[in-house]
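One structure is given here, and the rest of the page talks about it.
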Amino acid sequence: MTRALSNDLRERVVEAVGAGESCRPVASRFGVAVSSVVKWSQRYRATGSVAPGKMGGHRKRVLEPHRAFIVERISQTSDLTLHRLKDELAARGVMISHNAGCS
């Protein structure tokens, strides 16, 4: 995923559109996509800001509710493998891959 472009660039683009230029020439002049010009202008009209929204999403930690069980199993069985732990969790209805983390 790419980084958000600077607010300075966004402001100059929105200012040019606000001054009456159409989106295509503005996009060409500033080297951005026409869709970006449209979205930034819409965001500015709706919120008064050109700042980007949050990028990315938030993933729920699947193993967090099972932390106590996992810690207990690790302390009880010194030779417990990730694959065996995964199978034990599957028996409890928790479907994960062997590379899922609990951090």
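Shape class of segment 7-47 from the alpha-carbon gyration tensor: rounded, with the ratio a/c of largest to smallest axis under 1.5. The overall shape of the chain, judged from the alpha-carbon gyration tensor, is prolate: a/c is not under 1.5, and a/b is greater than b/c. Of all the options V71, V13, V50, the one that moves most in a Gaussian network model of the chain with Cα springs shorter than 10 angstrom is V71.
Please give the calculated 222 nm ellipticity per residue for the chain, where each DSSP H segment of at least 4 residues contributes -39500 (n - 2.57) and the sum is spread over every residue; nearest 500 deg cm²/dmol? Mind dumping the intermediate values first?
Numbers: 5 runs with 54 residues, N = 103.
Only helices count here, giving -16000 deg cm²/dmol.
Residues L9, L89, arranged from fewest to most other Cβ atoms within 10 angstrom of their Cβ, appear as L9, L89. Model label points for K39 and I74, set 7 angstrom from Cα along the Cα-to-Cβ axis, are 3.9 nm apart.
Coordinate-derived values only; no laboratory data. Owing to the predicted nature of the structure, the values given are computational and were not obtained by experimental measurement. Glycine also receives a Cβ, built like all others from the backbone with ideal geometry; neighbour counts cover every protein chain displayed.
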